[in-house]
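Report on the following structure.
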Amino acid sequence: MKQLAIIGSTASGKSDLALKLAEKHNALILSIDSLSIYKEIDIASAKPTKAELAKIEHYGIDRLRPNENASVMTFIDEYNRISKQAALNNKTIIIVGGSSFYLKSMIEGLSEIPDFSSYTLLKTKEMLCDLSECHKLLSSVDPIGMEKIASTDAYRIEKMLLIYQETRMAPSEWFRANPPSPIITECPILHLDIERTFLRERIVLRTQKMVEAGLIDEVAELERQYGRLPNSMKAIGIIETLEYLDGKISKSELIERISTHTGQLAKRQQTFNIHQFNLRASASSHELEKIAETLL
């Protein structure tokens, strides 16, 4: 089964390239994007259009409700689904998306997690009522493992506490005894490089189009249904629109803030992608298309 990954900054054009290659090479697309995974978040996520989704079968899109939490396991499930479909129908897989830390996690692999008993699940839930005390407890039994976990990081504290409660082993000791196993192997990674000034222009234009397409109404409806607590409601594009709905900023300021924050995200993404992956190539869309032809 052939597969490749296209990564790059938000608004760089990687989805357009993936669609073009998928049409030409009978491929399925796995979107690795922390916002497109949610149903109802269409404009804010800049997910492919309905016409594009109808043309090429996509995975990793519209899988969760906005009040659910996406994790690397969500995308592992999606990768398993697309792999089965590709094998059955002799299809190629193209992985594309801006949330490339999920891709990195799947390439490096995850350690096996123990099966948690009903007692462990109940006891952990009770303990998590005092997150600070849980952090102190874990820090006392596993100071090295907890060194980089903040006392407010509920997700990671819960994960560590479950392992400790079930095994009575320091979580870092458990991970050493259960080394990670890669989920994705033999997958060339292509990085879409784009000149910064051009990228900034693309971001501003895309933001303007999102607002014109109904971003404000979309976020207002999401807030009505799900409130502001879900993680999805804290994404760039949504959080600024909530400020607009609160009357704190004007529409022009809304566009400016989303563009600025998206630009900052793009810079972080580029730094991460360049330093965290063994890239087959980092080049323009035109050059990557030629390189992809040799891989597909």
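The values are calculated or read from the model by the stated rules, or taken from the named source; none is laboratory data. Values in this document were obtained by computation on a predicted structure and should not be read as measured data. Don't worry about glycine lacking a Cβ; one is built from the backbone with ideal geometry, like all the others, and counts go over all protein chains shown.
Residue pairs whose Cβ atoms lie under 6 Å apart, separated by 6 or more positions or on different chains, with the first residue in segment 1-20 and on the phi > 0 side of the Ramachandran plot and the second among the β-branched types (V, I, T) and in a helix (DSSP H, G or I), are A11/I203.
So, I29, is that one touching a Leu at 6+ places or on another chain (Cβ under 6 Å) and either modelled with pLDDT of 95 or more or not in a loop (DSSP other than H, G, I, E, B) (or both) or not? Full working, then the answer.
On the way: touching a Leu at 6+ places or on another chain (Cβ under 6 Å): no; either modelled with pLDDT of 95 or more or not in a loop (DSSP other than H, G, I, E, B) (or both): yes.
Considered against the rule, which asks whether it is touching a Leu at 6+ places or on another chain (Cβ under 6 Å) and either modelled with pLDDT of 95 or more or not in a loop (DSSP other than H, G, I, E, B) (or both), I29 comes out as no.
Yes or no: segment 188-198 includes at least one residue that is of a type outside the set (G, A, S), in contact (Cβ under 8 Å) with a residue 12 or more places away in the chain, more than 25 Å from L279 (Cβ to Cβ) and surrounded by 12 or more Cβ atoms within 10 Å (Cβ to Cβ). No, segment 188-198 has no match at all.
Scanning segment 20-33 for residues that are of a type outside the set (D, E) and either under 16 Å from I189 (Cα atoms) or crowded, with 20+ Cβ neighbours inside 10 Å (or both) turns up L21, A22, A27, L28, I29, L30, S31, I32.
Among the residues of segment 245-287, the ones that are under 22 Å from the mean Cα position of the chain (by Cα) and in a helix (DSSP H, G or I) come to 21 in all. Return the pair list, or none, for Cβ contacts closer than 7 Å from residues in segment 77-91 that are hydroxyl-bearing (S, T, Y) to residues that are assigned to a helix (DSSP H, G or I) and surrounded by 11 or more Cβ atoms within 10 Å (Cβ to Cβ), at least 6 apart or on different chains. Listed pairs, sorted by first residue: Y79/M106.
So is I157 under 30 Å from G13 (Cα atoms), touching a Cys at 6+ places or on another chain (Cβ under 8 Å) and at pLDDT 95 or above or not?
Details: under 30 Å from G13 (Cα atoms): no; touching a Cys at 6+ places or on another chain (Cβ under 8 Å): yes; at pLDDT 95 or above: yes.
The answer is no for I157.
All of (1) part of a helix (DSSP H, G or I); (2) closer than 30 Å to L162 by Cα hold for D115 with one exception: (1). Being assigned by TED's automatic domain parsing to the domain that holds T260 and within 21 Å of K104 (Cα to Cα): is that true of L190 here? Yes, satisfied. For segment 244-277, a tally of residues being touching a residue at least 12 places away in the same chain (Cβ under 8 Å), out of contact with any strand residue (DSSP E or B) (no Cβ under 7 Å at 6 or more places or on another chain) and among the polar types (S, T, N, Q) returns 5. Hey, can you tell me all the residues within segment 166-202 that are under 23 Å from the mean Cα position of the chain (by Cα), part of a helix (DSSP H, G or I) and at pLDDT below 95? Correct list: R196 only.
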